[in-house]
Amino acid sequence: MVHGGVLLDAWCTLLLDGIVSGGATEVVVSPGSRSTPLVLAASDHAALSVRVVVDERSAAFFALGRARVTQKPVILIRTSGTAAGHDLPAVMEAGAVGSPLVIITADRPFELMDVRAPQTTDQTHLFGRHTVAFFEAGTPVSDELALRAVRRLGTQAAARSRGPVPGPVQVNVRARKPLTAPAEVSPVDLEFRTKVSQLQLDGCPTIFTAQSPEASALALERVAEAIRGAKRPLLVAGPSPVWPRGGRANILQFVHHLGVPVVLEATSQLRFGPNGLGPLGLDMVLRVPRNQQRLQPDLILQLGEPPIVTGLQQALDSWRSVPQIVLTPRGYPDPTSRADIVEGDIERSCCALMAKDLGQKAWSLAYLKSWAAAADQVRQLVNEAVSTMAPLLTEAAVVEAVRQAVPPDGRLMVGNSLAVRLLDRYLSPGGPPMEVLHQRGISGIDGLVAGGIGASVDAPCLVLVGDVSALHDLGSLSLAHLTGPGCIVVVIHNGGGRLFEELPLARQLAEMGQRSRLDRFTTPSEQSLVGVAEALGWRAVEVNSPADLKMALHTPTAAGKPLYIEARVDPLGAVKTLDRVVKAMEESE
């Protein structure tokens, strides 16, 4: 009879063989006993790079950061019990944005279920509908068909994570003790290993995954008809994954070809780099009701995900009667439930539309001039508001310094809440190429530092987050040893969650004379993480002026250490600037 540890080792090796055949090259593990055979098999696999992260939540977001930039399945290995529960936030985000993860959850055998065995819980479909597939690998058996099946199952798991709807996949593996093979194996074990080796030589089955389909010709013709019939079209684009360089160029060419006003978020991948588009501050322009009326389009064309900026959301609410068309690779990205949806690869759809007569010369010149005038006005008002605060360190100064510090073809990982909105308000389009990474699928503040560190492994990456997000992901600063060259974390320390001061809640509490209750949401704090970052292997500094920030960003790190910068700004600076600009626009003729 084959020794249980030998069988388990073969089972795990064949499963990983299948996942590797589907494109995986990286594994992230967190320590645990029941996952021992999986970790050993991954460590022995020549095609896999293994990284160890103690905290499961940090590990999951690190893996998500890798999957986001490589678009390849990244393997997470989890021990039994509560361990995989820490992966849920990252799995939710991966499911929302379609990032390929394969989470292998080591489990107890069936005979230990529901009998109060320690570290045992029901792990089947643990992540619910947030995964695109679930596979139960079961308890290992030595039958040849079963061995082939577990390897095929790995291939299936990797393929499902890539498409046709990409996202996270869970594979549950039940491990019965003994978890490791003995030092000396019997002739039966040697014969079994020979059989397994032959299976490996036979190679894995190939699964050709369907890619995002092309939109139907009829649908694209109807889009072209709508564009030809419009006089005041508007193009909008919200958060997007990083497109291949050629894909971005083709989409930008289409946008230039149309020649219509655009509202492109910083995370759309269309704002920065050569030919980048989208005037800054349109969020502030569209907060003014008079501008919403003056700039109302007669057709809205949306590329991909819906924009999240407050001003545009308010404008869309007032433009309820305006026809809207969404080009999307998958799903139904329209919170208004009013749009016509054209499903298909966005780049191919844009190229197909460029080949049609879209009647670009018919756009209303008065409409185009209104958008240009609004963009010029907000640019001037923003510059005036920012200049009055110099030489203090402001949010505007921080985001501009960070933008200048991102090297060509570098990456910027931007936090949610206030940080991502600051890019839209203060950074002009164009400049050197820059990928803007984000976690806007669900827009949580979980794991932002870990995600940025994961993205830094093979390219310089700057991470820009607020102080609450940094504190929330404090444990991920322990990943300093996994950072790649040029990894810099910049924390905008404004003493709490200042986005709440821009929400209606702040105004309502002020009108009621209860502004102090806002502290329950902004959670004001003077806590500094500089000492913690230093203790965890970072070169850490606190800066209070634009000059100090610039010097810190451009000073080479010592002994290959990553850099942590805490930028102290006026806690009310962001809301003061926003209020000043919006008020000036409301009072203008």
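So which helices of the chain fit the span-like rule, where a helix is a whole DSSP H run, its Cα atoms reach 24 Å or more along the axis, and its mean Kyte-Doolittle is at least 0.0? Numbers along the way, then the final one.
Values: long enough: 4-21 (26 Å, 1.42); 144-162 (28 Å, -0.36); 365-387 (33 Å, 0.22).
Counting only whole DSSP H runs, the qualifying helices are 4-21, 365-387.
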Which lysines does LYS561 reach when only Cα atoms under 25 Å apart count, and residues fewer than 8 places away in its own chain are ignored? LYS550
Computed over segment 132-263, the convex hull of the Cα set has an average projected area, in nm², of 13.3
If you take the C-alpha gyration tensor of segment 257-400, multiply each eigenvalue by 5 and take the square root, what semi-axes do you get, largest first, in whole Å? 28, 18, 16
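Ranked from highest to lowest mean number of other Cβ atoms within 10 Å per residue, what is the order of the peptides 298-309, 345-356? Don't skip to the end; give the middle numbers.
Values: 298-309: 22.3, 345-356: 18.0.
Ranking the peptides 298-309, 345-356 by packing returns 298-309, 345-356.
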Taking neighbour Cβ counts within 10 Å as the exposure measure, how do ILE77, ILE207 sort from fewest upward? ILE207, ILE77
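From the Cα trace of segment 388-587, what convex hull volume per residue do you get, rounded to a whole Å³?
On the way: hull volume 25.4 nm³, N = 200.
Taking the convex hull of the Cα positions in segment 388-587, it is 127 Å³ per residue.
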Could you tell me the ratio Rg/Rh of segment 4-202? Both radii from Cα atoms, Rh via Kirkwood. 0.95
Suppose only helical runs count, i.e. DSSP H with n ≥ 4. What mean residue ellipticity at 222 nm does that imply for the chain under -39500 (n - 2.57) per run, divided by all residues and rounded to the nearest 500 deg cm²/dmol? -12000 deg cm²/dmol
Measure of compaction for segment 311-375 (Cα Rg per 2.2 N^0.38 Å): 1.36
By the C-alpha gyration tensor axes a ≥ b ≥ c (rounded if a/c is under 1.5, else prolate when a/b exceeds b/c, else oblate), the shape of segment 179-220 is prolate
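Rg/Rh for the chain: what does it come to with C-alpha atoms and Rh from Kirkwood? Walk me through the numbers before you get to the answer.
Working: Rg = 26.2 Å, Rh = 25.8 Å.
A ratio of 1.02.
Each value in this text was obtained by applying a stated rule to the coordinates, not by laboratory testing. Here the structure is a predicted model, which is why all the values come from computation and not from measurement. For neighbour counting, all protein chains shown are included, and Cβ atoms are generated from backbone atoms with ideal geometry for every residue, glycine included.
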